[in-house]
Amino acid sequence: MTALTRGSGRPNQWLRNLNAKIASIPMILTAVVIFLGGTIWTVVYSFTNSKLLPRLSFVGLDQYERLWAAPRWIISIQNLALYGFFSLVFSLVIGFVLAALMDQKIRFENTFRTIMLYPFALSFIVTGLVWQWLLNPQFGIQSIVRSLGWESFSFDPLYDADIVIYGILIAALWQGTGLVMCLMLAGLRGIDEDIWKAARVDGIPMWKTYVLIIIPMMRGVFITTLVIIASGIVKVYDLVVAQTSGGPGIASEVPAKYVYDYMFQAQNLGQGFAASTMMLITVAIIIVPWAYLEFGGGRKRG
Amino acid sequence: MKLRSLAGALAATVALPFGLAQATDLEVTHWWTSGGEAAAVAELAKAFDATGNKWVDGAIAGSGGTARPIMISRITGGDPMGATQFNHGRQAEELVEAGLMRDLTDVATRENWKEIVKPASLLDSCTIEGKIYCAPVNIHSWQWLWLSNAAFKQAGVPVPKNWDEFVAAGPALEKAGIIPLAVGGQPWQAAGAFDVLMVAIAGKDVFEQVFAKKDEEVAAGAEIAKVFKAADDARRLSKGTNVQDWNQATNLVITGKAGGQIMGDWAQGEFQVAGQKAGVDYTCLPGLGVNEVISTGGDAFYFPLLEDEEKSKAQEVLASTLLNPKTQVAFNLKKGSLPVRGDVDLATANDCMKKGLEILAKGNVIQGTDQLLSADSQKQKEDLFSEFFANPSMTPEDAQKRFAEIIAAAD
């Protein structure tokens with residue numbers, strides 16, 4: 001931004017560090033042409049009645065009207081909201097608690113850290129399949145508990161339309177909390193030892209130190225984590241496909257799957273583009289306030 | 001120096017695929033991956049290889065819903081295969097209109113397809129603006145109820161002869177711990193089962209008014225309300241089918257864990273692979289035993305426009321091989337479908353196929369929904385019925401209202 005306000009007598013900002021700027025031209029072009037260009041193209045075509053192939057015959061807001069009238073889209077949005085809220089809360093809470101426990105100078109910390117982070121090394125497809133088997137009533141958790149003698153035990157979230165989204169949430173948390181823990185742990189390690197000593201001298205209980213001193217000091221880490229989790233939530237697709245393919249019925253559908261299905265299976269690009277534009281708006285709602293908090297106003301970071 | 005050798009290695013990896021693909025190699029993509037289907041497609045490959053060309057198999061697992069997007073994006077993305085399966089009808093319509101598919105009119109006139117392909121509606125579905133763009137290979141009909149004789153014996157009730165008897169036998173099956181009706185979780189299965197119920201219960205005329213003429217008043221009317229009532233029965237009977245794929249659901253019938261399944265005649269291939277005999281181990285009821293009508297949808301091969309001349313020639317050879325009488329018999333016997341030409345000898349066909357041939361000869365045929373509706377409307381229908389079958393709290397009346405809306409918006 002400052003580059004635009006010239007005339008203060010200083011040398012031209014554009015020419016500073018020229019080599020670096022020239023070197024980054026390809027990346028800037030990639031970003032502008034592919035990301036920005038692709039986005040604009042998608043938004044423009046979402047106002048057309050493109051079927052299998054894109055064509056420019058505009059139909060106004062028809063695609064959006066149909067989208068918001070489709071029960072499947074509404075269910076997708078509800079699922080995303082539920083999944084998003086709980087996965088945000090639980091992965092932050094569990095991740096932070098694990099990190100705090102890990103920070104108590106325990107033995108074998110490396111081993112525990114590896115174990116916790118390990119699920120993150122698996123793709124969502126593998127995670128989904130593993131949990132599909134675990135939650136399958138015929139040979140998963142339910143059948144094991146029943147074979148132990150508790151005959152009436154019933155646990156089949158993936159086959160119950162009312163709670164299926166929580167079955168997916170379990171798998172997502174198992175996969176994702178390890179990463180959150182590592183980020184938090186890095187944040188905790190960045191806190192000066194002297195702060196802890198001072199708190200101890202003042203006789204502040206440990207939980208209070210965490211809540212009132214440490215967490216506010218970790219604001220940067222929290223915001224970064226929040227953005228990583230949030231963008232993961234909006235694009236959730238493969239986990240659902242691997243675990244339930246949107247079933248039972250359409251009970252565990254998510255927006256990204258709607259986009260794919262309508263673009264390719266239904267051969268209705270316009271409808272898919274309208275849905276993906278709505279997803280873009282969701283992401284923008286998350287990213288813009290963050291970017292403003294982080295970079296806006298020239299204030300220094302926390 | 002180092003850079004050059006690297007470039008050489010890169011060039012080698014790029015050149016390799018071209019080296020492998022000889023002029024007469026033709027990659028054929030399809031979604032025939034279950035046991036019976038794979039056995040049938042091997043017959044096609046054998047027949048094509050016998051012409052001196054080579055069939056490069058490009059099977060894509062996961063049924064048409066998964067395979068078609070891959071095929072379409074390969075064709076639109078400039079990496080076309082030699083030939084590809086589609087259900088003939090409207091699935092490839094826009095690809096043809098965009099000039100991406102090859103016109104087969106020459107081959108068709110030379111080999112007189114107009115005379116030999118029966119019923120004629122099959123070739124009509126391949127024809128766009130007077131030109132023929134696909135080679136039909138089989139007739140598949142959806143309108144079958146497959147019953148496990150063993151399951152009914154276990155439940156102590158006679159094997160039903162029509163849909164009403166089947167519904168009545170439901171409680172007895174349930175008591176014996178058998179799922180009365182197997183419906184897999186893939187959305188197209190629920191939608192297909194509904195179409196079958198419609199033609200069986202409301203009849204051919206109503207079916208045509210709804211799907212061919214897109215008459216929303218009929219779709220919202222009393223006849224279709226009856227169909228939704230039957231779909232409600234089907235939903236109740238299908239409770240507990242915790243499988244996804246259609247062949248897993250068929251397997252429940254084969255093993256006697258389920259009483260029956262509404263599925264197209266491709267299910268027959270699975271019974272055959274399992275070594276079961278029509279009439280002895282399983283029973284088939286065309287048109288659910290109510291209205292003996294079958295749809296003449298099916299599979300066809302489309303040929304993308306290729307620049308390579310040798311490959312284009314091989315495409316012609318493949319097209320005529322597919323309609324060759326010998327190939328037709330060998331393929332369709334394994335697949336459990338009916339041949340597209342009326343002049344071939346199917347003496348070795350089993351009971352169920354003979355029933356199908358009889359109905360075909362009588363002319364009790366309708367067009368398949370893939371031929372009548374666009375992929376978009378089909379998908380909306382799938383969304384509706386997969387929700388309906390999975391969600392017992394959705395009333396038939398609500399579902400019918402939404403069904404009528406889909407028909408009203410269909411093009």
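Nothing in this text is a laboratory measurement; each read-out follows from the coordinates by a stated rule. Note that the structure is predicted; figures quoted are calculated from it, not measured. Quick reminder, even Gly has a Cβ in these numbers, built from the backbone with ideal geometry, and neighbours come from all protein chains shown.
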(message) Taking the Cα centroid of the stretch A:124-155 and of the stretch A:172-241, what is the distance between the two, rounded to the nearest whole Å?
(response) 32
(request) Mind jotting down the distance between the C-alpha centroids of the stretch B:191-206 and the stretch B:27-74, whole Å? (result) 30
(message) What number do you get for the stretch B:258-411 when its Cα radius of gyration is normalised by 2.2 N^0.38 Å, N = residues?
(response) 1.30
(request) Report the label-to-label distance for B:ASP164 and A:ILE281 in nanometres (one decimal), using points 7 Å from each Cα along the Cα→Cβ vector. (result) 5.2
(request) At 25 °C and 0.890 mPa s, grab the translational diffusion coefficient of the protein assembly as shown from Stokes-Einstein with a Kirkwood Rh over Cα pairs, rounded to a whole number in µm² per second. (result) 85
(request) Using the Kirkwood radius over Cα pairs, work out the Stokes-Einstein diffusion coefficient for the stretch A:64-298 at 10 °C and 1.306 mPa s, in µm²/s as a whole number. (result) 79
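Before anything else, pin down the relative contact order of chain B: Cα pairs under 8 Å, at least 6 apart, normalised by residue count, whole percent.
Working: 718 pairs, mean separation 111.1, N = 411.
After rounding, I find 27 percent.
Please check chain B for the longest run free of trypsin sites (Lys or Arg not before Pro) that are loop-located per DSSP (anything but H, G, I, E, B) and have at most 12 other Cβ atoms within 10 Å.
Details: sites that count: B:LYS213, B:LYS277.
Answer from the scan: B:1-212.
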(request) Run the dipole for the protein assembly as shown about the Cα centre, Lys and Arg Cβ at +1, Asp and Glu Cβ at -1, nothing else charged, and hand back the magnitude in debye, nearest 20. (result) 2700
(message) 7 Å from Cα along Cα→Cβ at both A:ALA20 and B:ALA59: what's the point-to-point distance in nm?
(response) 5.6
(request) Specify which residue in the list B:ALA59, B:ILE201, B:THR109 is farthest towards the positive end of the charge dipole of chain B, using unit charges on the beta carbon of Lys, Arg (+1) and Asp, Glu (-1), about the Cα centre. (result) B:ALA59
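With +1 assigned to the C-beta of every Lys and Arg and -1 to the C-beta of every Asp and Glu, and no other charges, what is the dipole magnitude of the stretch A:182-302 about the Cα centre in debye, to the nearest 20? Before the final figure, lay out the partial values.
On the way: 10 positive and 8 negative charges, 75 e Å.
Dipole magnitude for the stretch A:182-302 comes out near 360 debye.
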(message) Give me, ordered by chain and number, the residues 5 or more places off B:VAL290 or on other chains with an amide H under 5 Å from its own placed amide H.
(response) B:TRP163
(message) If I take every Cα pair under 8 Å that is 6 or more residues apart in chain A, average their sequence separation and divide by the length, what percent do I get for the relative contact order?
(response) 28
(message) Compute the helix-to-body angle for B:222-237: its Cα long axis versus the longest principal axis of chain B, expressed 0 to 90° and rounded to tens.
(response) 90
(message) Just to be sure I follow the definition: excluding the sites themselves, where is the longest run in chain A that has none of the trypsin sites (Lys or Arg not before Pro) in a DSSP loop with at most 11 other Cβ atoms within 10 Å?
(response) A:108-298
(message) Just to check I understand the Karplus step: with θ = phi - 60° and J = 6.51 cos²θ - 1.76 cosθ + 1.60, what whole-Hz values come out for the stretch B:261-277, glycine and proline as x?
(response) 8, 8, 7, x, 5, 5, 4, 4, x, 5, 4, 5, 4, 7, x, 9, 10
(request) Net charge near A:ALA99: determine it from the other residues with C-beta under 14 Å of the C-beta of A:ALA99, scoring Lys and Arg +1 and Asp and Glu -1. (result) +1
(message) Roughly how far apart, in whole Å, are the Cα centres of the stretch B:341-358 and the stretch B:113-158?
(response) 12
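What average count of beta carbons from other chains do you get within 10 Å of the Cβ of residues in A:45-52?
Details: counts 0, 0, 0, 0, 1, 1, 7, 12.
Per residue, the number of nearby Cβ atoms from other chains is 3 on average.
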(message) Based only on other Cβ atoms within 10 Å, what is the fewest-to-most ordering of A:SER87, B:SER125, B:SER393?
(response) B:SER393, A:SER87, B:SER125
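Pairs to check: B:LYS131/B:LYS362; B:LYS311/B:LYS354; B:LYS114/B:LYS362; A:LYS235/B:LYS379. Give those whose C-alpha atoms are more than 27 Å from each other in this structure. Intermediate results must be reported in sequence, preceding the final value.
Numbers: B:LYS131/B:LYS362 29 Å; B:LYS311/B:LYS354 38 Å; B:LYS114/B:LYS362 20 Å; A:LYS235/B:LYS379 22 Å.
Pairs exceeding 27 Å: B:LYS131/B:LYS362; B:LYS311/B:LYS354.
Rounded to the nearest 500 deg cm²/dmol, what is the calculated helix-only ellipticity per residue at 222 nm for chain A, with -39500 (n - 2.57) per DSSP H run of length n ≥ 4? Walk me through the numbers on the way to the answer.
Values: 14 runs with 177 residues, N = 302.
Computed ellipticity for chain A at 222 nm equals -18500 deg cm²/dmol.
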(message) Given Cβ point charges of +1 (Lys, Arg) and -1 (Asp, Glu) and nothing else, what value in debye, to the nearest 20, does the dipole of chain B about its Cα centre take?
(response) 1040
(request) List every residue whose amide H lies under 5 Å from the amide H of B:ILE128, counting only residues 5 or more places away in sequence or on a different chain, with H placed 1.01 Å from N in the peptide plane. (result) B:TYR133
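Sort largest first and round to whole Å: the equivalent ellipsoid semi-axes of chain B, each the square root of five times a Cα gyration tensor eigenvalue. Don't skip to the end; give the middle numbers.
On the way: eigenvalues 291, 107, 100 Å².
Computed over chain B, the values are 38, 23, 22 Å.
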(request) Using a/c under 1.5 as the rounded threshold, could you call the stretch A:168-222 rounded, prolate or oblate? The axes a ≥ b ≥ c are square roots of the C-alpha gyration tensor eigenvalues, and prolate needs a/b larger than b/c, oblate otherwise. (result) prolate
(message) Spelling out what I want: for every residue of the stretch A:18-25, take phi, set θ = phi - 60°, compute 6.51 cos²θ - 1.76 cosθ + 1.60 (Karplus), and round to whole Hz; glycine and proline get x.
(response) 4, 4, 4, 5, 5, 5, 8, 4
(request) Read phi for every residue in the stretch B:360-369 and hand back ³J(HN,Hα) as whole Hz from Karplus 6.51 cos²θ - 1.76 cosθ + 1.60, θ = phi - 60°, with x for Gly and Pro. (result) 4, 5, 6, x, 7, 10, 10, 7, x, 5
(request) For n ≥ 4 DSSP H runs only, could you compute -39500 (n - 2.57) per run for chain B, divide by its residues and tell me the 222 nm figure to the nearest 500? (result) -16000 deg cm²/dmol
(message) For A:GLU253, what residues show an amide H to amide H distance below 5 Å, using hydrogens built from the backbone and excluding near sequence neighbours?
(response) none
